[in-house]
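The structure under discussion appears below in the form of structure tokens.
The values are calculated or read from the model by the stated rules, or taken from the named source; none is laboratory data. Bear in mind the structure is a predicted one, so any value in this text is a computation, not a measurement. Note that each Cβ is placed from the backbone with ideal geometry, even for glycine, and that neighbours are counted across all protein chains shown. Side chains are part of the model used for accessible areas, which takes the heavy atoms of the whole protein and leaves out ligands, DNA and RNA. Shrake-Rupley method; radii C 1.70, N 1.55, O 1.52, S 1.80 Å.
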Amino acid sequence: MTESVRRFTTESARVRDKNKTETEDSREHTLECPECESETLVSDSEHGETVCDDCGLVVEENEIDHGPEWRAFNSSEKNQKSRVGAPTTNMMHDKGLSTNIGWQNKDAYGRSLSSRQREKMQRLRTWNERFRTRDSKERNLKQALGEIDRMASALGLPENVRETASVIYRRALNDDLLPGRSIEGVATSSLYAAARMADTPRSLDEITSVSRVEKDEIARTYRYVVRELKLEIKPADPEQYVPRFASELGLSDEPERRARQLLKNAKEQSVHSGKSPVGLAAAAVYAASLLTNEKVTQNEVSDVANISEVTIRNRYHELLEAEEQAQVP
């Protein structure tokens, strides 16, 4: 070993020992309260301070919080808010794990691409789209999830319903329930089932109005999917339709509460048995509007609920009779 190498090694060891000593001294200093010399220091992450647990002296403040800026209350939220990539979702056929090439023909600086570069990017988009759907099963799934998203948007259904519908369709696809049935029919049935499971039901007529298949096929496929997948779906409650109908008719809270009371009385008298929940809800809203002097016509209620005026009149009389019987001691 030469003299220069020996000198360098000795100097490096000396610097390392000095840094180690300074670190230990600093640690010993921070672990002891300068006021009462207590070693029970508590780190308050909420305020970014280190406080003495005995005398209450703030030993350090304005500490850097190395944790995330968000809070999570369960493991699902924690995974969704993770910073290691976009959260996966069942609403996309590849669960959102693939990449997309933007449609804007601009570079990173916002400058427009030349015609040759635009042609190249278009070819890349085409091949990227082909690689995203490698087989017929993925193409099937992509088409169905697109249909579910389109219909859910038209019906104003929330994201949790779309996610549930996507899971139901994936299960139907994995269990080979699609042979002999159309993709649109199974997708529509999955959305109808998901809306009922999430307590935000839509009537079969409303579902049919945004679907590309007939009402009879939707009903038949829905019963088949529910039976084969053993989905637990409760009968639709008429009260679940009341807030939406009242909102679309511009009614206040009082008619809505009155309509709920009419439906509760009808359940106690078993009037709702065998009746359409949509018809009962529409009749209850109509009756409540008359009882609270916020009158709406049967035609307006019929347009909102998408049922006939005859049904509203029949259910209206039945609800009033149930109300009278409930008031009899």
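Before moving on, here are some points about what is shown:
- Computed with a 1.4 Å probe over protein heavy atoms only, the accessible area of Tyr224 comes to about 40 Å².
- Calculated on the alpha-carbon coordinates, the convex hull of region 155-310 measures out at 115 cubic angstrom per residue.
- Cα centroid of region 106-165 to Cα centroid of region 187-257, whole Å: 28
- On full extension, the segment bounded by Glu159 and Lys295 gains 45.5 nm, given 0.36 nm per residue less the C-alpha separation.
- Per residue accessible area in Å² of region 178-309, where ligands, DNA and RNA are left out and the probe is 1.4 Å: 48
- Here the accessible area of region 185-259 is 43 percent carbon and sulfur, with a 1.4 angstrom probe and all protein chains present.
- Using the Cβ-Cβ distance between Arg150 and Arg313 with R0 set to 35 Å, the FRET efficiency works out to roughly 0.50.
- Ser136 versus Ser115: modelled label distance in nm, points set 7 Å from Cα along the beta carbon direction: 4.2
- Note on Arg125 and Arg71: the model spin-label points, each 7 Å out from Cα along the C-beta direction, lie 4.3 nm apart.
- If you sort Asp135, Asp176 by accessible surface, 1.4 Å probe, largest first, the order is Asp176, Asp135.
- Per-residue SASA entry for Ser211, accessible area with 1.4 Å probe, Å² rounded to 10: 20
- Accessible-area value, Cys55, 1.4 Å probe, nucleic acids and ligands omitted, Å²: 60
- Order of exposure, largest accessible area first, which applies to Arg134, Arg260 with probe 1.4 Å: Arg134, Arg260
- Distance between the modelled labels on Asn62 and Arg223, one decimal in nanometres: 7.3 nm (7 Å Cα→Cβ projection).
- Of the residues Lys78, Lys95, the one with the largest accessible area comes first in the ranking Lys78, Lys95, computed with a 1.4 Å probe on protein heavy atoms.
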